[in-house]
Amino acid sequence: MAADIERIRHSFAHVMAEAVQHLYGGVKFGIGPAIQDGFYYDFLFPKPVAEEDLRAIEKEMRRIIAQDQIFVREEVTKEQAKELFRDQPFKLELIEGLEEGTISIYRQGDFVDLCRGPHVESTRELKPDAFTLKTLAGAYWRGDETRPMLTRIYAYAFASKAELEAYLKMLEEAEKRDNRRLGKELDLFSTHEEAGAGLIYWHPKGGRFRVALEDWWREEHYKNGYEILFTPHIGKSWLWETSGHLGFYKENMYSPMKIDEDNYYIKPMNCPFHIMIYKSQTRSYRDLPLRWAELGTVYRYERAGALHGLMRVRGFTQDDAHIFCTPEQIEGEIEEVLRFSLSMHKTLGFKEIKAYLATKPKGDGAVGDPARWEQATESLRKAIEKEGLAYEIDEGGGAFYGPKIDLKVKDAIGREWQLTTIQFDFNMSERFQIEYIDSDGQRKRPYMVHRALLGSIERFFGVYLEHTAGAFPLWLSPEQVAVIPVAPLFDEYVKEVTAILKGKGIRATAMLSEERMNAKIRDAQNQKIPYMVILGQREKDDRTVSVRLRTGGQENGIALDAFVARVLEKIETKALDL
RNA sequence: GCCCCUGUAGCUCAGUUGGCAGAGCAUAUCCAUGGUAAGGAUAAGGUCAACGGUUCGAUUCCGUUCGGGGGCUCCA
């Protein structure tokens with residue numbers, strides 16, 4: 001976020017606080033920072049506030065802005081600050097946390113706030129029509145559940161009215177693409193509260209997408225030197241005690257079920273199972289690298305409030321893989337994973353991809369040899385640079401068990417989504433004591449890398465729905481061709497053409513209902529079916545087809561054979577156009 | 001779990017300042033001879049989320065519970 005827009009947003013936040021102070025005597029102030037698309041401020045209100053009250057606050061803010069109030073910075077001692085904010089418990093707590101020395105405060109109008117700044121010079125620099133108060137939300141003081149809950153007012157704010165309007169338009173577009181909405185409109189999936197929250201039911205059309213995606217995924221993995229595994233959905237407590245999950249991951253695991261005299265847990269991760277296969281025999285350095293992939297379905301507990309359509313669920317299928325390799329191989333392996341991931345994203349049509357490298361956490365919570373952390377982190381960094389990816393380093397942001405790279409893709413309306421994650425795992429390899437015999441006859445510990453390229457099939461489906469607005473590329477479209485007669489008289493030719501297309505493996509549907517042609521075209525268009533083939537007397541006589549494209553194009557009198565060849569070619573090459 | 005919003009037909013939503021519940025789409029039946037985004041008619045479809053309370057009377061007002069959405073937290 002550029003410094004000037006941050007300054008504007010933060011200044012807006014102070015103006016909102018001033019407005020709230022005018023309208024609600026006795027209000028206590030939390031904090032009010034600038035955020036990605038605006039700002040918020042946390043308040044403890046003396047009486048309940050409702051959404052309708054936001055309009056009054058906005059009005060007061062506009063009145064303040066019109067007064068051309070100057071933002072004045074002052075520096076005071078800690079003692080003076082405590083005196084100044086004696087009625088503001090949250091501010092006092094913040095002051096306590098500050099280092100000794102002078103503390104800066106900002107005044108505008110009759111409002112004063114503890115603040116590092118900077119701010120704009122005057123409210124004149126804030127455009128009264130470049131912000132809007134969005135929602136009320138609850139937020140714990142300092143994000144801590146055990147602390148009081150404050151009322152947070154979120155707002156969108158920009159430097160100009162035009163930017164605000166463009167942003168609101170993007171949000172409107174995002175709402176139209178909402179995965180839950182498209183899932184219903186395109187009959188792809190559903191969820192059923194009465195049958196269990198956060199569990200996805202894939203309908204026939206969603207199933208067609210998934211099969212096409214997974215078939216491709218498996219094919220690509222074989223091409224890239226992976227083997228595909230299938231492992232159980234449950235495992236005895238021994239497995240989870242050994243892996244450590246019952247220690248550090250238990251709150252995300254479901255209660256065990258008793259089988260004979262043992263407790264079995266449904267799996268939240270696939271790693272321990274892959275390790276069991278690794279340990280099923282003595283491994284030589286000649287066997288490495290091992291690249292083992294699995295579309296592994298896992299179940300994790302998520303709090304009810306966190307569940308969201310396809311994006312956050314309780315049961316999902318990871319496109320998981322584990323790579324076991326020697327230290328000499330690690331650099332090449334990481335490069336390969338990254339290259340593989342990028343090639344998949346490219347095929348799927350994502351153009352902008354950014355990497356986030358998370359390094360070793362501070363303190364002594366991290367497991368594993370520091371030299372290995374060093375080598376692992378270095379291999380990640382090198383791979384990113386080799387691919388020429390834009391990246392950011394999240395210093396100390398890695399898990400306790402290893403450094404990682406996450407890749408985020410930018411979607412069609414500019415939002416970023418995390419799909420790929422590539423993580424080293426020093427913990428599991430230690431706990432299960434996995435080894436290989438090196439060329440010198442010594443037992444050594446291989447590197448273990450955990451990776452998911454799409455993340456999970458469910459979440460990817462959600463992201464892809466929102467990215468494409470449901471207009472999937474041909475090869476992933478549940479229905480690829482809708483075959484429509486001009487009138488019932490041509491049903492026979494429609495059936496014949498449909499049969500030919502299906503015979504070639506093309507997902508074609510004959511639309512033979514009583515509806516009129518226009519209605520069928522409308523239905524097919526709304527279902528985002530890529531090709532609509534319209535057949536009447538002319539086409540029947542010449543053995544041609546008239547093709548209407550989902551994108552609005554129209555091509556008449558194409559020879560049937562030529563059309564079939566073209567569709568097959570577009571599917572084969574996974575073309576993004578029609 | 002907590003804060004705010006919300007719950008009317010399969011779907012999208014009206015509506016009742018407390019007096020027998022409405023539309024469009026979808027569904028079913030019938031009618032309709034044909035060229036690129038909805039042909040027409042009829043029918044069926046509801047314990048107005050559930051349970052209490054106030055009232056002559058509650059879908060409407062109040063309370064509780066259960067869902068859904070947006071946040072906090074977490075992350076694939």
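The values are calculated or read from the model by the stated rules, or taken from the named source; none is laboratory data. Quick caveat, the model's predicted, so the values are computed rather than measured. Virtual Cβ from ideal backbone geometry, glycine too; neighbours counted across all protein chains shown. Accessible surface is based on the protein model in full, side chains and every heavy atom, while ligands, DNA and RNA are left aside. Shrake-Rupley method; radii C 1.70, N 1.55, O 1.52, S 1.80 Å.
Report, by residue number, each residue of the stretch A:333-388 that is among the aliphatic types (A, V, I, L, M), out of contact with any strand residue (DSSP E or B) (no Cβ under 8 Å at 6 or more places or on another chain) and not in a helix (DSSP H, G or I). Don't jump to the end; show me each part of the working.
Just the residues of the stretch A:333-388 that are among the aliphatic types (A, V, I, L, M), to begin with: A:334, A:337-338, A:342, A:344, A:348, A:353, A:355, A:357-358, A:366-367, A:371, A:376, A:380, A:383-384.
Checking the rest, the ones that are also out of contact with any strand residue (DSSP E or B) (no Cβ under 8 Å at 6 or more places or on another chain) come to A:348, A:366-367, A:371.
Those that are among the aliphatic types (A, V, I, L, M), out of contact with any strand residue (DSSP E or B) (no Cβ under 8 Å at 6 or more places or on another chain) and not in a helix (DSSP H, G or I): A:Ala366, A:Val367.
Filtering the stretch A:145-155 to residues that are part of a strand (DSSP E or B) and either among the small types (Gly, Ala, Ser) or more than 21 Å from A:Glu6 (Cβ to Cβ) (or both) leaves A:Met149, A:Leu150, A:Thr151, A:Ala155.
Look through the stretch A:397-427, keep the residues that are polar (S, T, N, Q) and either in contact (Cβ under 8 Å) with a residue 60 or more places away in the chain or closer than 15 Å to A:His345 by Cβ (or both), and return whichever of them is surrounded by the most Cβ atoms within 10 Å (Cβ to Cβ). Per the criteria, the residue is A:Thr420.
With the structure loaded, tell me whether A:Ile334 is under 23 Å from the mean Cα position of the chain (by Cα) and within 17 Å of A:Pro446 (Cα to Cα) or whether it fails that test. Spelling it out, A:Ile334 is indeed under 23 Å from the mean Cα position of the chain (by Cα) and within 17 Å of A:Pro446 (Cα to Cα).
One residue is enough: does the stretch A:324-338 have a residue meeting the conditions within 14 Å of RNA strand B (Cβ to nearest atom) and either within 22 Å of A:Leu476 (Cβ to Cβ) or in the same structural domain as A:Gly414 (by TED's automatic domain parsing) (or both)? So far as the stretch A:324-338 goes, no, none of its residues is within 14 Å of RNA strand B (Cβ to nearest atom) and either within 22 Å of A:Leu476 (Cβ to Cβ) or in the same structural domain as A:Gly414 (by TED's automatic domain parsing) (or both). The set of residues in the stretch A:237-273 that are buried (at least 16 other Cβ atoms within 10 Å of the Cβ) and of a type in the set (D, E, K, R) contains only A:Lys267. When A:Ala376, A:Ala390, A:Ala306 are checked against the criterion of being more than 16 Å from RNA strand B (Cβ to nearest atom), out of contact with any Leu (no Cβ under 8 Å at 6 or more places or on another chain) and open to solvent by 30 Å² or more (accessible area, probe 1.4 Å), A:Ala390 stands alone in meeting it. The one condition from (1) under 26 Å from A:Glu430 (Cβ atoms); (2) not in a strand (DSSP E or B) that A:Tyr264 does not meet is (2). Considering every residue within the stretch A:64-85, establish whether at least one is touching a residue at least 40 places away in the same chain (Cβ under 8 Å) and within 17 Å of A:Gly30 (Cα to Cα). Looking through the stretch A:64-85, none of the residues is touching a residue at least 40 places away in the same chain (Cβ under 8 Å) and within 17 Å of A:Gly30 (Cα to Cα).
Has the stretch A:291-303 got any residue that is within 16 Å of RNA strand B (Cβ to nearest atom), β-branched (Val, Ile, Thr) and outside any loop (DSSP other than H, G, I, E, B)?
To start, the set of residues in the stretch A:291-303 that are within 16 Å of RNA strand B (Cβ to nearest atom) comprises A:293-303.
Cutting the leftovers down to β-branched (Val, Ile, Thr) gives us A:297-298.
Right, trim to outside any loop (DSSP other than H, G, I, E, B) and you get A:297-298.
Among the residues of the stretch A:291-303, at least one is within 16 Å of RNA strand B (Cβ to nearest atom), β-branched (Val, Ile, Thr) and outside any loop (DSSP other than H, G, I, E, B), which makes the answer yes.
Looking at A:Asp4, is it part of a loop (DSSP other than H, G, I, E, B), open to solvent by 60 Å² or more (accessible area, probe 1.4 Å) and either touching a residue at least 60 places away in the same chain (Cβ under 8 Å) or out of contact with any Pro (no Cβ under 9 Å at 6 or more places or on another chain) (or both)? No: the conditions fail for A:Asp4.
Every test in (1) more than 42 Å from the chain's Cα centre (by Cα); (2) more than 7 Å from RNA strand B (Cβ to nearest atom) is passed by A:Tyr531 save one, and that test is (1).
Comparison of A:Ala66, A:Ala56 shows that the only residue that is of a type in the set (Gly, Ala, Ser) and open to solvent by less than 80 Å² (accessible area, probe 1.4 Å) is A:Ala56.
Determine whether A:Ala159 is open to solvent by 10 Å² or more (accessible area, probe 1.4 Å) and more than 21 Å from A:Glu6 (Cβ to Cβ). It is false that A:Ala159 is open to solvent by 10 Å² or more (accessible area, probe 1.4 Å) and more than 21 Å from A:Glu6 (Cβ to Cβ). The combined condition, being more than 15 Å from RNA strand B (Cβ to nearest atom) and of a type in the set (Asp, Glu), is fulfilled by A:Glu479. Restricting attention to the stretch A:188-217 and to residues that are touching a residue at least 24 places away in the same chain (Cβ under 8 Å), charged (D, E, K, R) and open to solvent by 30 Å² or more (accessible area, probe 1.4 Å), the residue that is farthest from RNA strand B (Cβ to nearest atom) turns out to be A:Arg208. Of the residues making up the stretch A:428-469, those that are open to solvent by 10 Å² or more (accessible area, probe 1.4 Å), in contact (Cβ under 8 Å) with a residue 24 or more places away in the chain and over 19 Å from the mean Cα position of the chain (by Cα) number 7. Set side by side, the residues A:Ser237, A:Ser255, A:Ser243, A:Ser280 differ, and just one is of a type in the set (Ser, Thr, Tyr), more than 30 Å from A:Gly470 (Cα to Cα) and touching a Cys at 6+ places or on another chain (Cβ under 8 Å), which is A:Ser243.
Inspect all residues belonging to the stretch A:550-571 and state whether any of them is open to solvent by less than 60 Å² (accessible area, probe 1.4 Å), assigned to a strand (DSSP E or B), within 13 Å of RNA strand B (Cβ to nearest atom) and assigned by TED's automatic domain parsing to the domain that holds A:Leu213. No, there is no match, as no residue in the stretch A:550-571 is open to solvent by less than 60 Å² (accessible area, probe 1.4 Å), assigned to a strand (DSSP E or B), within 13 Å of RNA strand B (Cβ to nearest atom) and assigned by TED's automatic domain parsing to the domain that holds A:Leu213.
If you check A:Val494 against the conditions, is it in contact with a Ser or Thr (Cβ under 6 Å, 6 or more places away or on another chain) and either at positive phi or within 14 Å of RNA strand B (Cβ to nearest atom) (or both)? Taking the combined requirement at face value, the residue does not satisfy it.
Among residues of the stretch A:349-363 that are on the phi > 0 side of the Ramachandran plot, those with a Cβ under 6 angstrom from a residue that is of a type outside the set (S, T, N, Q) and outside any strand (DSSP E or B), sequence gap 6+ or separate chain, pair up as A:Gly349/A:Leu576. On the stretch given as the stretch A:480-506, residues that are part of a loop (DSSP other than H, G, I, E, B) and open to solvent by less than 30 Å² (accessible area, probe 1.4 Å) total 2.
Looking at the stretch A:192-205, is at least one residue part of a strand (DSSP E or B), assigned by TED's automatic domain parsing to the domain that holds A:Asp425 and on the phi > 0 side of the Ramachandran plot?
To start, the set of residues in the stretch A:192-205 that are part of a strand (DSSP E or B) comprises A:192, A:196-202.
From what's left, assigned by TED's automatic domain parsing to the domain that holds A:Asp425: A:192, A:196-202.
With the extra rule that they be on the phi > 0 side of the Ramachandran plot, the set shrinks to A:196, A:198.
Checking the stretch A:192-205: at least one residue is part of a strand (DSSP E or B), assigned by TED's automatic domain parsing to the domain that holds A:Asp425 and on the phi > 0 side of the Ramachandran plot.
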